[in-house]
Amino acid sequence: MAEKSSKGLVVSFGEMLIDFVPTVSGVSLAEAPGFLKAPGGAPANVAIAVARMGGNAAFAGKLGDDEFGRMLAGILKENGVADDGITFDEGARTALAFVTLRSDGEREFMFYRNPSADMLLRPDELNLELIRKAKVFHYGSISLIVEPCRSAHLKAMEEAKAAGALLSYDPNLRLPLWPSADEARKQIMSIWDKAEVIKVSDNELEFLTGNSDIGDATAMSLWHPNLKLLLVTLGDHGCRYYTNTFKGSVEAFKVKAVDTTGAGDSFVGALLSKIVDDHAIIEDEPRLREVLKFANACGAITTTKKGAIPALPTEAEVVEFIKSSS
């Protein structure tokens with residue numbers, strides 16, 4: 001483990017849950033004959049994606065003290081993710097999500113969390129020692145929806161920032177979880193100007209700006225003075241990147257998508273694993289483009305299998321995939 005600990009620590013904060021994915025694509029939840037149990041939750045996916053790249057990752061969040069919660073904690077450990085940021089709630093269940101896979105691999109969600117354990121994480125339960133060790137602190141927006149988790153999220157961000165971490169934000173919009181679209185937009189934007197690296201999907205860009213023309217001008221309307229890198233992922237069209245001094249796009253790898261779950265998290269995990277020990281990559285366009293090509297490959301590979309975590313590739317697999325695609 002010595003080699004791992006020599007690398008900068010990426011701490012991923014937020015929710016981990018069980019995704020129930022239908023065994024058959026292109027049917028509604030009611031019509032699905034059965035479901036495959038897949039561990040998920042965007043921040044946990046990112047932590048495991050970092051670890052699969054040989055990086056040093058930890059997950060901070062709350063799980064139910066139930067069989068699913070213990071199983072998820074075990075999966076993090078098996079995948080080399082430090083679990084000393086996890087707490088267990090004896091009174092609430094681990095969150096569940098039922099995911100409908102359309103025939104094109106895109107998804108719709110139905111969530112069971114009323115409330116789930118992740119929503120009940122309190123600021124006094126945070127492992128601040130772990131958070132202060134982070135070189136990169138990564139989070140989403142689902143932990144902003146309700147108290148006390150919202151306060152825990154804000155405190156964790158503040159502590160990580162004060163200790164010198166790079167703040168990485170992927171809003172990971174899940175509208176069914178929010179009381180309203182307006183509230184989702186308002187809360188997602190409430191912490192926008194704190195992050196130094198932000199990744200949004202094309203759909204999220206449209207949602208946050210209210211502009212269906214998702215070109216450069218729309219993306220740049222989300223720019224703020226603390227931001228170092230804004231990324232817009234475009235599914236099978238690759239990604240666009242924006243920094244203080246340059247912008248551009250990196251094309252996608254063509255694959256047959258089976259399930260897009262976790263593709264964005266795989267992309268983010270790959271990016272963070274590459275920049276954690278060298279933040280200067282963000283300012284160096286040729287190196288940044290190489291990293292984004294690698295991240296695009298990770299995202300592409302992840303769409304070729306069902307479920308998020310089972311589909312996350314290792315560094316060797318990505319290198320091989322890029323070689324065979326060129």
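Structure notes:
- Test: THR94 is under 20 Å from ALA38 (Cα atoms) and modelled with pLDDT of 95 or more: yes
- Considering the conditions (1) closer than 24 Å to ASP236 by Cα; (2) part of a loop (DSSP other than H, G, I, E, B); (3) not polar (S, T, N, Q), ALA44 is excluded by exactly one of them, (2).
- Taking the listed residues THR94, THR87, THR100, the one that is outside any helix (DSSP H, G or I) and in contact with a Gly (Cβ under 7 Å, 6 or more places away or on another chain) is THR94, with no other qualifying.
- Qualifying residue in segment 34-54 (condition: without any contact (Cβ under 8 Å) to a residue 12 or more places away in the chain and either farther than 30 Å from VAL318 by Cβ or open to solvent by 60 Å² or more (accessible area, probe 1.4 Å) (or both)): no
- Any chance VAL81 is over 22 Å from GLU147 (Cβ atoms), within 19 Å of the chain's Cα centre (by Cα) and either modelled with pLDDT of 95 or more or open to solvent by 10 Å² or more (accessible area, probe 1.4 Å) (or both): yes
- Verdict on PHE98 being among the aromatic types (Phe, Trp, Tyr), in contact with a Leu (Cβ under 6 Å, 6 or more places away or on another chain), surrounded by fewer than 18 Cβ atoms within 10 Å (Cβ to Cβ) and closer than 15 Å to GLY41 by Cβ: yes
Matching residues to (1) open to solvent by less than 10 Å² (accessible area, probe 1.4 Å); (2) free of Cβ contacts under 8 Å to residues at least 60 places away in the same chain; (3) not in a loop (DSSP other than H, G, I, E, B):
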residue: VAL146; (1), (2), (3): no, yes, no
residue: SER151; (1), (2), (3): no, yes, yes
residue: LEU154; (1), (2), (3): no, yes, yes
residue: GLY164; (1), (2), (3): no, yes, no
residue: ARG185; (1), (2), (3): no, yes, yes
residue: LEU205; (1), (2), (3): yes, yes, yes
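The values are calculated or read from the model by the stated rules, or taken from the named source; none is laboratory data. Every value quoted in this text rests on a predicted model; they were computed, and no experiment measured them. Note that we place each Cβ from the backbone using ideal geometry, even for glycine, and neighbour counts take in every protein chain shown. Only protein heavy atoms, including side chains, enter the accessible area calculation; ligands, DNA and RNA are left aside. Shrake-Rupley method; radii C 1.70, N 1.55, O 1.52, S 1.80 Å.
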